[in-house]
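Written below as structure tokens is the structure these notes are about.
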Amino acid sequence: MTFLNSAQIVAYLGPGGSYTEMAKDVFCERYELNAQWETRPTIKKVLEFVDTTPNSVAVLPIENSIEGAVRETIDNLIRTKNPKIKILSEIVMPIKHCLLSRTTELYSISNIISHPQALAQCQNFIHNEMPRHLNIIQVASTSEAAKSLQNYNLTYAAIGSKKTAEIYSLNILKDNINDDPDNKTRFALIGDFDTPKTQQDNTALAFSTENKSGALLEILQIFHDYEINLSYIDSRPSKTKFGEYTFFVDFDGHVSDEKIIKVLKEVQEHTLYYRLVGSYERW
């Protein structure tokens with residue numbers, strides 16, 4: 001039995017065959033989740049589902065080793081109506097992109113459909129091995145791209161996994177087309193559950209400060225004074241006022257640690273906006 005024993009539904013970015021579905025399978029095995037599955041066509045829709053559905057969790061990509069943070073996941077995660085929705089767990093999966101099509105002839109391809117992240121991760125292949133005037137269509141997921149090929153002629157291809165090719169009966173025109181052979185994506189399990197403390201925990205936090213000199217430094221100084229290791233820091237536009245930003249940090253420790261409790265209390269006293277994004281076992 002795990003801390004997720006009451007989870008009844010697992011939502012993820014669909015349709016089937018995506019890397020997110022593969023991550024969902026890993027999470028379900030890891031936490032022995034015998035739950036109903038629900039797919040949604042966009043990251044925002046997945047988070048809206050878990051935000052409004054009790055006893056549910058969601059699986060979404062959160063960071064790629066090449067393209068960095070998945071902005072759509074982060075931006076929507078901190079804006080859920082339920083402030084207790086947070087990251088519960090993470091896994092890191094290798095990403096092996098393939099060029100998929102209903103045809104077997106690579107030279108006939110003049111159109112590619114895929115998710116923006118997948119396209120960005122295969123830029124060298126697209127630039128060097130595909131036609132100069134290639135038409136590119138962006139969609140919400142790699143699995144949606146593969147599924148949509150049935151609506152197009154044989155000049156169209158999609159970027160996806162070998163599993164995607166199997167599910168939608170597509171030919172693999174070329175495999176391992178991602179620019180970096182060590183391409184990996186971090187996936188998060190998200191929901192309203194309390195996570196247990198382990199020996200290798202990570203805590204994620206979102207906050208904003210006054211728009212004045214030294215405001216961010218004051219926050220960072222708190223972590224320094226308590227000798228807390230910051231492993232990640234990023235910023236995103238606040239979407240409320242031009243020139244104002246929301247900062248994201250990852251750091252070592254669990255929210256139940258005595259030292260982390262003190263750190264978070266002091267950080268909250270120096271912020272205009274504060275949101276715990278998660279405290280969970282590091283992969």
Next on the checklist: Using only the alpha carbons of the chain, what is the convex hull's orientation-averaged projected area in square nanometres?
Outcome noted: 16.2 nm²
Next on the checklist: If a paramagnetic tag sat 7 Å from the Cα of SER110 along the Cα-Cβ line, which residues of region 155-177 would have the backbone N under 15 Å from that point?
Outcome noted: 155-157
Item to check | region 201-278, relative contact order [Cα under 8 Å, separation at least 6], % | outcome: 50 percent
Checklist entry - Roughly what % of Cα-Cα distances in region 110-158 sit above 14 Å, to the whole percent? => result 46 percent
Checklist entry - Across region 113-121, in residue order, what do the Karplus-derived ³J(HN,Hα) couplings come to in whole Hz, using 6.51 cos²θ - 1.76 cosθ + 1.60 with θ = phi - 60° and x for Gly and Pro? => result 10, 5, 6, x, 5, 5, 4, 5, 7
Item to check | Amide H contacts of VAL277 (H built 1.01 Å from N, under 5 Å, at least 5 apart or other chain) | outcome: ALA204, LEU205, ALA206
Item to check | 222 nm mean residue ellipticity, helices alone, for the chain (DSSP H n ≥ 4; -39,500 (n - 2.57); rounded to 500) | outcome: -7500 deg cm²/dmol
Checklist entry - Which ³J(HN,Hα) values in Hz, rounded to whole numbers, follow from the phi angles of region 54-62 under the Karplus curve 6.51 cos²θ - 1.76 cosθ + 1.60, where θ = phi - 60° and Gly and Pro get x? => result x, 6, 10, 10, 10, 10, 8, x, 10
Item to check | Anchor LYS162: lysines whose Cα lies under 20 Å away (excluding residues fewer than 8 positions away in-chain) | outcome: LYS24, LYS96, LYS147, LYS174, LYS184
Next on the checklist: Taking the Cα centroid of region 147-201 and of region 1-74, what is the distance between the two, rounded to the nearest whole Å?
Outcome noted: 13 Å
Next on the checklist: Can you tell me the length gained on complete extension of the stretch SER169 to ARG102, counting 0.36 nm per residue apart and subtracting the Cα distance?
Outcome noted: 23.3 nm
Checklist outcome for this item: Within the chain, excluding any GluC sites (Glu not before Pro) found in a DSSP loop (not H, G, I, E or B) and having at most 14 other Cβ atoms within 10 Å, the longest uninterrupted segment runs 106-209
Checklist outcome for this item: One quarter of the C-alpha convex hull surface, i.e. the mean projected area of region 201-278 in nm², amounts to 4.8 nm²
Item to check | Percent RCO, i.e. relative contact order, over region 98-175, from Cα pairs under 8 Å lying at least 6 residues apart | outcome: 53 percent
Item to check | Reachable aspartates and glutamates from LYS262, criterion Cα separation under 13 angstrom, eight or more residues apart if same chain | outcome: ASP225, GLU227
Checklist entry - Leaving out same-chain residues fewer than 8 places away, which lysines sit with a Cα under 27 Å from that of LYS239? => result LYS44, LYS45, LYS81, LYS84, LYS86, LYS212, LYS265
Next on the checklist: Sort SER108, SER89 by Cβ crowding within 10 Å, fewest neighbours at the top.
Outcome noted: SER108, SER89
Next on the checklist: Viscosity 1.567 mPa s, temperature 4 °C: what is the translational diffusion coefficient of region 149-265 from Stokes-Einstein with a Kirkwood Rh over Cα pairs, rounded to a whole number of µm²/s?
Outcome noted: 69 µm²/s
Item to check | P(r), alpha carbons of region 1-82 - 10 Å bins starting at zero, rounded % | outcome: 18, 50, 29, 2
Item to check | Residue-by-residue Karplus 3J(HN,Hα) for region 269-275, coefficients 6.51, -1.76, 1.60, Hz, glycine and proline x | outcome: 5, 10, 10, 8, 10, 9, 8
Checklist entry - In region 1-82, which trypsin sites (Lys or Arg not before Pro) are in a loop and have at most 12 other Cβ atoms within 10 Å, using DSSP for the loop call? => result LYS81
Item to check | Cleavage-rule hits (chymotrypsin sites (Phe, Trp or Tyr not before Pro)) in region 1-94: DSSP loop, at most 13 neighbouring Cβ within 10 angstrom | outcome: PHE3
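Throughout, read-outs are computed from the coordinates displayed, never taken from laboratory work. Given the structure is predicted, the values throughout are model-derived calculations rather than measurements. Every residue, glycine among them, receives a Cβ derived from its backbone with ideal geometry; neighbour counts consider all protein chains shown.
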